[in-house]
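Beneath this line is the structure, given in structure tokens, with notes to follow.
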Amino acid sequence: MGNCNICGSNFKMLGGGTEPYTGCSFTVCNTCGDLLKKINQAKKNRESQQCISLSVELLDRCKDPDTKSKVKQYTDEALERSQEDLSKEGIDVFSFCDSEDAFLATTGYSFEGYRIESYLGIVSGDVVLGTGFFSEFSMELTDLFGERSTTASNKMKEVKRNAYEEMVKNAKKIGANALIGVDFDYITLSNNILGVSANGTAVRIEK
């Protein structure tokens, strides 16, 4: 008997095993193991849509944040590998709208009413907060009632926005008109220096 490292479910002796796909050697139940196997096959067959669908299903099953992060690294790599030949096929896709405001982005992997025509790779936007930010706002993180400081909160929103805008700019440089799988990472670079990184997969979509 054992517990699946991904979904946490308990399985009997013959109900699971060690997966060979992620590089983490997770002990997984049959369901999670089958999903990993199918993702690996979709990667080999360059089936991007199938890879996305299976990846979303697998990530939804993750219970532990650290495990989810490791699984996401694998699914992101699998998705990128499944997209490698798309640029070689000479896919000619037109932008659905010329307006810059029409650039779409989502934390998910699809847009209602649109279809993804090509995947252009992972892009990011990075912003670094120096010591000035911390010295200015270190005493304002909470007010007398324990509420979050409005000033510090607004500053963080501005920084995230700047990282997002840089990511969008980089996506447009490679011909994208949308982003999927958008998330933000926070990295401590050294004392009092914080890095904020916006990441996503650049795509071209058509209505």
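One table, with the values for the structure above:
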| item | result |
| --- | --- |
| Criterion: surrounded by 13 or more Cβ atoms within 10 Å (Cβ to Cβ) and in contact (Cβ under 8 Å) with a residue 60 or more places away in the chain - qualifying residue of Ile6, Ile39 | Ile6 |
| Some residue of the stretch 80-90 being at negative phi, under 14 Å from the mean Cα position of the chain (by Cα) and at pLDDT below 85 | yes |
| Checklist (1) of a type in the set (D, E, K, R); (2) farther than 22 Å from Ala171 by Cβ; (3) at pLDDT below 80 applied to Asp76, failing item | (2) |
| Residues located in the stretch 4-34, provided they are among the aromatic types (Phe, Trp, Tyr) and out of contact with any Leu (no Cβ under 7 Å at 6 or more places or on another chain) | Phe11, Phe26 |
| Condition met for Val71 (at pLDDT 85 or above, crowded, with 18+ Cβ neighbours inside 10 Å and over 30 Å from Val168 (Cβ atoms)) | no |
| Filter result for Phe184 (closer than 30 Å to Cys51 by Cβ, of a type outside the set (A, V, I, L, M), at pLDDT 50 or above and in contact with a strand residue (DSSP E or B) (Cβ under 6 Å, 6 or more places away or on another chain)) | yes |
| Some residue of the stretch 154-165 being closer than 30 Å to Ala78 by Cβ, modelled with pLDDT under 90 and surrounded by 18 or more Cβ atoms within 10 Å (Cβ to Cβ) | yes |
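The values are calculated or read from the model by the stated rules, or taken from the named source; none is laboratory data. Owing to the predicted nature of the structure, the values given are computational and were not obtained by experimental measurement. Every residue, glycine among them, receives a Cβ derived from its backbone with ideal geometry; neighbour counts consider all protein chains shown.
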